[in-house]
Amino acid sequence: MKTLILHTENNNEKEISIQKAANILKEGGIVAFPTETVYGLGANALNEEAIKKIYIAKGRPSDNPLIVHISDINMIHTITEYIPPKYDALIKAFWPGPLTLIFKKNDKIPDIVTAGLDTVAVRMPDNAIALELINKAGFPVAAPSANISGKPSPTKGEHVIQDLMGKVDAILLGEDCKVGLESTVLDLLSGQPTILRPGGVSKEAIEKAIGEKVLDNSLHNVGDKQIASSPGMKYTHYAPKVPVIVFIGSLDNMIHGIQTMKEIKEKEGLRVGILATEETKAFYSGCIYSVGSREKIETVAGSLFHVLRSFDKEDIDIILSESFTTEGMGLAIMNRIIKSAGYQVMDVGGET
Ligand code: TXA
Ligand code: MG
């Protein structure tokens, strides 16, 4: 398939590109586009045939439902009959933005979008190109992250080109995604508010907006030695080509643990990559990537997926990764790192 690359660097070009992308969506095609979280791969959420193309291009299992994107709050009425009153405060506080809410779906949304569920995930992205694209299309746009299933989500146009060139109708390029991790998926339909996936809006911020405690099980397996010692458990989310081990504990213990493990692995003849931070990179030698500053956790969110993808270009056999606080954005960061490691965690002790 020929993939059209659409540029948006200057204003004139931008208008034309977005209009072309919208036309492709109207004709039932699939288009990758930037959002504030990660790039999405969009299709008309009301067109079953178009949605099928998304699953094929990504190699996505058909039991994993898609997020539907809107550009205007009125668009939600094409998706659901009912907005639970509890959602008002969240919509007011976080839309447009990286919060996805679960609604009861109506009959217009094909089952393929929701993988047969009677609920549908919806968000309004905080990105001018995305909003204009959806607005010009005139219908809600279903879009998973624009990566090959299992790989780290794309936060730069070049990541999308790497993964989807020749597999989609067009790639609409924009600036790098400013959040860098996907949206938080929140369910308020079934009893206590529950985070189904941590992301760009923190648990603390949600609790503040609704004045209620929010449940979250996304780090359920952290430090669980049973699982850490069971490498047979295959998780293929956000995964670089080589295995990842995450070190959890105090900063000093983490650095020491990684240095020691690096020596052991090198004695075994393996080449080691290290995922470090600005504060710690000087303690290591060899193939080191700094993912950002511990003092500015949003910098870590912003470059995590790029760093995970960068390791694929290195001549290494294993990646040893530092860990982060689970407060604020740290929860989503740790969720992604632990999944990229297939839950291979080394607890080196001490307060994190
Ligand atoms: O930031 C984002 O959310 C990005 C951008 C493109 O908007 N999209 C994204 O989509 O990350 P995707 O498909 O990679 O992840 C969608 C997540 C999955 O964890 C899926 O299981 C969940 O949302 N999801 C979708 N519909 C759901 C539903 N009805 N109930 C529960 N979870 C749902
Ligand atoms: Mg995804």
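Couplings 3J(HN,Hα) for segment 103-109, derived from phi with the Karplus relation 6.51 cos²θ - 1.76 cosθ + 1.60 (θ = phi - 60°), are 10, 6, 8, 9, 6, 6, 7 Hz, where x marks Gly and Pro. Once a ≥ b ≥ c are taken as the square roots of the eigenvalues of the Cα gyration tensor of segment 118-161, is the result rounded (a/c under 1.5), prolate (a/b larger than b/c) or oblate (a/b not larger than b/c)? Taking the square roots of the gyration eigenvalues as a ≥ b ≥ c, segment 118-161 is oblate. Rg over Rh for segment 81-214 works out to 0.97, using Cα positions for both radii and the Kirkwood form for Rh.
Neighbour counts of C-beta atoms inside 10 Å place H256, H159, H69, H77 in the sequence H77, H256, H159, H69, starting with the fewest. Per-residue Karplus couplings for segment 237-252, computed as 6.51 cos²θ - 1.76 cosθ + 1.60 with θ equal to phi - 60°, are listed in order as 9, 6, 8, x, 5, 9, x, 10, 10, 9, 9, 10, x, 5, 4, 4 Hz, Gly and Pro entered as x.
For segment 261-352, a simple Cβ point-charge model (Lys and Arg +1, Asp and Glu -1, everything else neutral) yields a dipole of about 240 debye relative to the Cα centre.
By the Stokes-Einstein formula, at 1.002 mPa s and 20 °C, segment 264-321 with its Kirkwood radius over alpha-carbon pairs has D equal to 181 µm²/s.
Placing R0 at 25 angstrom, the Cβ-Cβ distance between K241 and N11 gives a FRET efficiency of 0.05 after rounding to 0.05. Exposure proxy ranking for F247, F33, F305, based on other Cβ atoms within 10 angstrom of each Cβ and starting from the fewest, stands as F247, F305, F33. Between the helical axis of 330-340 and the longest alpha-carbon principal axis of the chain there is an angle of about 80 degrees. Label point of I264 set 7 angstrom out along Cα-Cβ; within segment 333-352, amide nitrogens under 16 Å from it belong to 344-349.
From the largest down, segment 9-160 spans 41, 32, 29 angstrom on the principal axes of its Cα atoms. Convex hull volume per residue, computed on the Cα atoms of the chain, equals 140 Å³. Taking a Cβ cut-off of under 15 Å around D107, the surrounding Lys, Arg, Asp and Glu residues balance to a net charge of -1, with basic ones at +1 and acidic ones at -1.
Between A128 and E212, take the C-beta separation as r, use R0 = 25 Å, and let me know the FRET efficiency to the nearest 0.05.
Values: r = 32 Å, r/R0 = 1.29.
Plugging the Cβ-Cβ distance into 1/(1 + (r/R0)^6) gives 0.20.
Evaluating 6.51 cos²θ - 1.76 cosθ + 1.60 at θ = phi - 60° for every residue in segment 198-208, the Karplus couplings come out as x, x, x, 10, 6, 4, 4, 5, 5, 4, 5 Hz, glycine and proline recorded as x.
Between I56 and T78, what is 0.36 nm times their sequence separation minus the Cα-Cα distance? Round to one decimal in nm. All intermediate terms of the calculation are to be shown ahead of the outcome.
Working: separation 22, 0.36 × 22 = 7.92 nm, distance 2.54 nm.
That works out to 5.4 nm of additional length.
Are there trypsin sites (Lys or Arg not before Pro) in segment 1-32 that DSSP marks as loop and that have at most 11 other Cβ atoms within 10 Å, and which are they?
Details: sites: K2, K14, K20, K26; in loops: K2.
Here the sparse-neighbourhood loop sites are K2.
Against the chain, whose longest principal axis is taken from its Cα atoms, helix 48-58 shows a tilt of about 20°. In the chain, what % of DSSP beta bridges are antiparallel (nearest 5)? Here the share of antiparallel DSSP bridges comes out near 35 percent.
Coordinate-derived values only; no laboratory data. These numbers come from a predicted model, not from an experiment. Ideal geometry is used to build each Cβ from the backbone, glycine not excepted, and the neighbour counts take in all protein chains shown.
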